[in-house]
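Q: What follows is a structure written as structure tokens; I'll ask about it next.
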Amino acid sequence: MTRKLFGTDGVRGRANEFPMTAEMALKLGAAAGRYFRTDGSRAHRVVIGKDTRLSGYMIENALTAGFTSTGMNVLLLGPVPTPAVGLLTTSMRADVGVMISASHNPASDNGIKLFGPDGFKLSDEAEVEIEALLGADVQPAQAENIGRARRIDDGRFRYMERVKSTFPPGLRLDGLKVVVDCANGAAYRTAPEVLWELGAEVVAIGVSPDGTNINDGVGSTAPGAAAAKIREVGADLGICLDGDADRVMLIDENGVVADGDQIMALFANRWAEEGRLNGQTLAATVMSNLGLERYLAERSIELHRTPVGDRYVVEAMRQHGLNLGGEQSGHIVMTDYATTGDGLIAGLQFLAEMVRTDRPASALARNFETVPQLLKNVRYTNGQMPLEAPGVMAAIAAGEARLNGHGRLLIRKSGTEPLIRVMAEAEDEALMVSVVDEIVGAVQAAV
């Protein structure tokens with residue numbers, strides 16, 4: 001059986017449309033509750049966090065009803081970053097954690113991510129089993145065994161203390177001015193407060209969520225706002241988070257953006273020098289730039305490539321005993337500190353390097369020259385299968401033949417949106433653009 005409801009990062013879609021309806025959230029809560037309930041005397045718990053989307057209220061209440069109907073006690077965290085859910089699932093001895101968020105997507109979307117009792121996102125196999133329960137007749141708890149729900153007031157503070165503990169002892173951010181863009185999302189309070197408590201002068205933007213403005217012109221997918229603020233106030237660094245704060249883009253003092261590949265290059269080299277890069281290997285997806293691979297090879301560091309999605313990066317890290325990985329899009333996973341990507345922790349580690357080396361962000365954020373890379377997206381209607389169209393398959397085959405020995409081509413369906421992503425990488429930019437445009441044209445003709 002294959003997954004139909006779950007994508008590369010949980011269940012996601014437009015709010016109040018299948019699958020992101022209150023009815024489906026209730027069923028999913030009941031199915032997950034039944035899956036995670038085990039025999040024994042201890043109480044069964046689920047922690048639920050969310051970002052700042054208006055639809056989060058609806059989904060939170062529906063999930064709560066589903067979980068409590070199976071006898072699970074629900075602990076409601078309110079708005080917290082996704083990595084906080086991974087942390088608190090384990091520290092609060094919960095059987096399952098849930099994050100209600102559509103990450104970098106617009107406010108009209110929402111999603112549900114599930115974490116196991118170890119604080120890591122669920123495997124494909126676990127999601128398949130939960131999907132099977134959705135279609136089954138889930139046995140509810142007896143009346144006297146229905147679960148309870150209550151709000152947890154200190155979840156955010158527990159997470160903040162954990163984040164601060166990852167900053168190297170003896171270092172401070174005094175004298176550094178940091179612009180932090182919270183995307184009007186889940187970290188709108190945690191990120192500015194942590195940075196300030198560690199000594200930085202903080203200029204915060206994207207910290208006025210109203211339920212409808214998450215990721216709207218701010219955050220990691222729109223770093224221009226933070227870049228402009230950096231130049232305006234003369235900041236030393238910009239930290240741009242996405243809606244649920246599990247990924248980051250960093251901006252140097254000149255307003256130049258550093259993506260996840262550049263950040264991972266810095267950390268991998270530093271950790272390797274210190275002898276703490278497990279396996280002398282970095283895990284990253286097939287989207288990471290060839291320039292990163294060359295940079296690592298020059299330093300005898302291996303790049304282990306995975307399918308797209310931070311969950312697959314984490315699975316590879318756990319399988320091979322690695323402690324550093326991530327995505328070009330800004331998920332930086334450091335399992336010494338967290339079970340998933342954490343944009344704020346990544347930002348703090350970068351700031352620590354600035355303090356330790358007394359070098360500006362611009363000197364640390366450009367570690368290798370990128371190979372030209374082009375990514376274009378084509379939206380399609382749910383139910384369509386454009387990659388199976390003969391014209392599309394022919395265009396892809398022709399593109400692969402043209403790039404053979406001169407670059408690489410990656411075509412895939414997004415796991416979070418109805419998009420076909422067409423990416424090519426080649427030293428010859430004209431060739432790269434031509435190949436991508438021909439494939440994009442074929443996909444557009446098929447939808």
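The values are calculated or read from the model by the stated rules, or taken from the named source; none is laboratory data. Everything numeric in this text was worked out from a predicted model, so none of it was measured. All Cβ positions, glycine included, derive from the backbone under ideal geometry; neighbour counts span all protein chains shown. What goes into the accessible areas is simple: the full protein's heavy atoms, side chains included, and nothing from ligands, DNA or RNA. Shrake-Rupley method; radii C 1.70, N 1.55, O 1.52, S 1.80 Å.
Q: By how many nm would the segment from W196 to D174 grow when fully extended, if each residue of separation counts as 0.36 nm and the alpha-carbon distance is taken off? Display every interim value, and only then the final one.
A: On the way: separation 22, 0.36 × 22 = 7.92 nm, distance 0.92 nm.
Fully extending the segment from W196 to D174 adds 7.0 nm.
Q: Using a 1.4 angstrom probe on the protein heavy atoms only, line up T370, T68 by accessible area, largest first.
A: In descending accessible area the options line up as T370, T68.
Q: Using 0.36 nm per residue of separation minus the Cα-Cα distance, give me the extension gain between N278 and L134 in nm, one decimal.
A: My answer for the length gained is 47.9 nm.
Q: Between region 234-283 and region 4-38, what's the alpha-carbon centroid distance in Å?
A: Cα centroid of region 234-283 versus Cα centroid of region 4-38: 33 Å apart.
Q: In Å and on Cα atoms, what radius of gyration and Dmax does the chain show?
A: 21.9, 69
Q: Moving on to the next point. Grab the DSSP H runs of the chain that are 4 residues or longer, score each as -39,500 (n - 2.57), total them, divide by all residues and round the 222 nm result to the nearest 500 deg cm²/dmol.
A: Values: 14 runs with 165 residues, N = 447.
Value at 222 nm, helices only: -11500 deg cm²/dmol.
Q: Sticking with this one: Once you keep just the Cα pairs under 8 angstrom separated by 6 or more residues, what percentage relative contact order results for region 253-408?
A: Once normalised by length, the contact order is 24 percent.
Q: Using the Karplus equation 6.51 cos²θ - 1.76 cosθ + 1.60 (θ = phi - 60°), what ³J(HN,Hα) coupling, rounded to whole Hz, does each residue of region 244-257 give in order, writing x for Gly and Pro?
A: Result, ordered by residue: 10, 6, 9, 9, 8, 10, 9, 10, 7, 5, 9, x, 8, 8 Hz.
Q: Mind jotting down the distance between the C-alpha centroids of region 211-230 and region 385-441, whole Å?
A: Region 385-441 and region 211-230 have Cα centres spaced 29 Å from each other.
Q: Sticking with this structure for a sec: Between S55, S300, S103, which gets the highest mean-square fluctuation from a Gaussian network model of the chain, Cα cutoff 10 Å?
A: S300
Q: Next up: Label points 7 Å out from Cα along the Cβ direction at E438 and Q384: separation in nm?
A: Rounded to a tenth, the inter-label distance reads 2.2 nm.
Q: 7 Å from Cα along Cα→Cβ at both H320 and D124: what's the point-to-point distance in nm?
A: Taking the two extended label points, one gets 1.7 nm.
Q: Something else: For H304, what residues show an amide H to amide H distance below 5 Å, using hydrogens built from the backbone and excluding near sequence neighbours?
A: Residues meeting the criterion, in which the H sits 1.01 Å from N, are L282, A283, A284.
Q: For region 159-312, what's the relative contact order in percent, using C-alpha pairs closer than 8 Å and at least 6 residues apart?
A: Reported relative contact order: 18 percent.
Q: Still on this model: Heavy atoms only, probe 1.4 angstrom, no DNA, RNA or ligands counted: give me E353, E197 ranked by accessible area, highest first.
A: Values: E353 20, E197 65 Å².
Accessible-area ranking of E353, E197, largest first: E197, E353.
Q: Rounded to the nearest 20 Debye, what is the dipole magnitude of region 1-147 about its Cα centre when Lys and Arg each give +1 and Asp and Glu each give -1 at the C-beta?
A: With Lys and Arg at +1 and Asp and Glu at -1, about 260 debye.
Q: Please work out the average accessible area per residue across region 120-233, using the 1.4 Å probe convention, and give it in Å².
A: 49
Q: Using the charge dipole of region 172-299 (Lys, Arg: +1 at Cβ; Asp, Glu: -1 at Cβ; taken about the Cα centre), state which of A284, G185, P223 has its Cα farthest towards the positive end.
A: Highest projection toward the positive end goes to A284.
Q: Next question, about the same structure. Probe radius 1.4 Å, ligands and nucleic acids left out: which of K50, K229 has the largest accessible area, and how do the rest follow?
A: On the way: K50 15, K229 50 Å².
The most accessible residue leads, giving K229, K50.
Q: Given a Förster radius of 25 Å and the C-beta distance between D216 and S362 as r, what FRET efficiency does 1/(1 + (r/R0)^6) yield to the nearest 0.05?
A: 0.30
Q: Considering only protein heavy atoms and a probe of 1.4 Å, how much of the accessible area of the chain is carbon and sulfur, as a whole percent?
A: C and S fraction of accessible area: 49 percent.
Q: 7 Å from Cα along Cα→Cβ at both Q142 and S165: what's the point-to-point distance in nm?
A: Placing both labels 7 Å along Cα→Cβ, they lie 4.0 nm apart.
Q: Let me ask you something else. Mind checking which of E129, E144, E201 has the largest fluctuation in a GNM of the chain, springs on alpha carbons under 10 Å?
A: The residue that fluctuates most here is E144.
Q: Given the options A126, A397, A191, state which has the largest fluctuation in a GNM of the chain using a 10 Å cut-off (strictly under) for Cα springs.
A: Among A126, A397, A191, the largest mean-square fluctuation in the Gaussian network model of the chain belongs to A397.
Q: Got the relative contact order for the chain handy, in percent, Cα pairs under 8 Å and 6 or more residues apart? It would help to have the intermediate numbers written out before the result.
A: On the way: 1006 pairs, mean separation 58.3, N = 447.
In percent, rounded to a whole number, it is 13.
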